[in-house]
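A.B. asks: Can you keep this structure in mind? I'll have questions shortly.
The values are calculated or read from the model by the stated rules, or taken from the named source; none is laboratory data. Just so it is clear, the structure is predicted and the values come from calculations on it, not from any experiment. Glycine gets a Cβ as well: all are built from the backbone with ideal geometry, and neighbour counts include every protein chain shown.
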Amino acid sequence: MFIGHFGIAFGLKRWAPRASLGELIAATTWADILWTVFLLLGWEHAAVSVGDTKWTPLSLYDYPWSHSLLLLAIWAFVLATFYKTWRNDWAGALAIAFGVISHWILDWITHRADMPLVPYGRKFGLGLWNSIPATLVTEFAIFFAGVALYAWSTRPRDRWGRWGFCIYAALLIALFVGDRFSTPPEDINGIAWTGLIASIVLIGWAWWFDRHRTSGELPLMSELTTRDRNLEEEFE
Ligand SMILES: [Zn+2]
């Protein structure tokens, strides 16, 4: 899955307003970030094999460390504990843990049976990628639900908060569709480097525009002044 992971992160902001969207995206895409690093280190392996499923030309035959449920559960615990100690925010810590685990569930729905429960153990997958229409519908449904929740529970403070968010969402859709309908890449190292750099840019960008939006619990400056003005009028 691709933009579905971003959809979950956007949606989690509704329940974890103090966590940055960048942190939530790092959590929901944590498995794929590890995967790009482990591919480059040669600890995990993948191959380009056009037609592996209808959606992807990648055969994901060996990723016991980045994509097993057991290791992701351990990462969820470690990252959530780290976040809780650092930020003292329970809701954010729970959202981080949920985000890391949700990656396995979404990939289990989309991948063919290549998702291990434990490293080198039995593998599972429902194979949504065998149908292009079903993949598009599912990914877009999760993505737009998450983006809508985010748009309802946060508000732009300025034009960076508004347009940074809009352009980001549009870019993700373009990358998602473009990825499927472009010529399949040839070399796994290239895929890993592109994936890693894209992750850093997309997390940084989300962190940045999220700082230019406010999360419901804090009133906007403009509202504060109107309210104060009303109070003053009442007083007079
Ligand atoms: Zn994945």
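A.B. asks: Being surrounded by 22 or more Cβ atoms within 10 Å (Cβ to Cβ) and of a type in the set (Val, Ile, Thr) is the filter; apply it to the stretch 70-119 and report the residue that is nearest to the ligand (Cβ to nearest atom).
C.D. replies: THR110
A.B. asks: What about LEU60, is it in a strand (DSSP E or B) and either of a type outside the set (D, E, K, R) or within 16 Å of the ligand (Cβ to nearest atom) (or both)?
C.D. replies: yes
A.B. asks: Quick one: is ALA19 away from the ligand (no atom under 16 Å from the Cβ) and over 14 Å from the mean Cα position of the chain (by Cα)?
C.D. replies: Criteria not met by ALA19.
A.B. asks: Any idea which residue in the stretch 120-129 is farthest from PRO57 (Cα to Cα), counting only those that are surrounded by fewer than 16 Cβ atoms within 10 Å (Cβ to Cβ), touching a residue at least 12 places away in the same chain (Cβ under 8 Å) and not aromatic (Phe, Trp, Tyr)?
C.D. replies: Step by step, filter the stretch 120-129, then rank; the result is GLY121.
Here is a yes/no grid of residues against (1) in contact with a Lys or Arg (Cβ under 6 Å, 6 or more places away or on another chain); (2) more than 24 Å from ASN130 (Cβ to Cβ); (3) outside any loop (DSSP other than H, G, I, E, B):
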position: ARG18; (1), (2), (3): no, yes, no
position: GLY22; (1), (2), (3): no, yes, yes
position: ALA31; (1), (2), (3): no, no, yes
position: VAL37; (1), (2), (3): no, yes, yes
position: THR56; (1), (2), (3): no, no, no
position: SER66; (1), (2), (3): no, no, no
position: ALA73; (1), (2), (3): no, yes, yes
position: LEU79; (1), (2), (3): no, yes, yes
position: ALA93; (1), (2), (3): yes, yes, yes
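A.B. asks: Let me ask something else about it. Taking the stretch 95-120 as the region of interest, how many residues are part of a helix (DSSP H, G or I) and either within 30 Å of ARG18 (Cβ to Cβ) or of a type outside the set (Ser, Thr, Tyr) (or both)?
C.D. replies: Residues in the stretch 95-120 being part of a helix (DSSP H, G or I) and either within 30 Å of ARG18 (Cβ to Cβ) or of a type outside the set (Ser, Thr, Tyr) (or both): 15 in total.
A.B. asks: Restricting to the stretch 148-193, and then to whatever is hydroxyl-bearing (Ser, Thr, Tyr) and free of Cβ contacts under 8 Å to residues at least 60 places away in the same chain, can you tell me which residue is surrounded by the most Cβ atoms within 10 Å (Cβ to Cβ)?
C.D. replies: Per the stated criteria, the residue is TYR168.
A.B. asks: Are any of the residues in the stretch 61-71 closer than 14 Å to TRP35 by Cβ, modelled with pLDDT of 95 or more, polar (S, T, N, Q) and under 19 Å from the mean Cα position of the chain (by Cα)?
C.D. replies: yes
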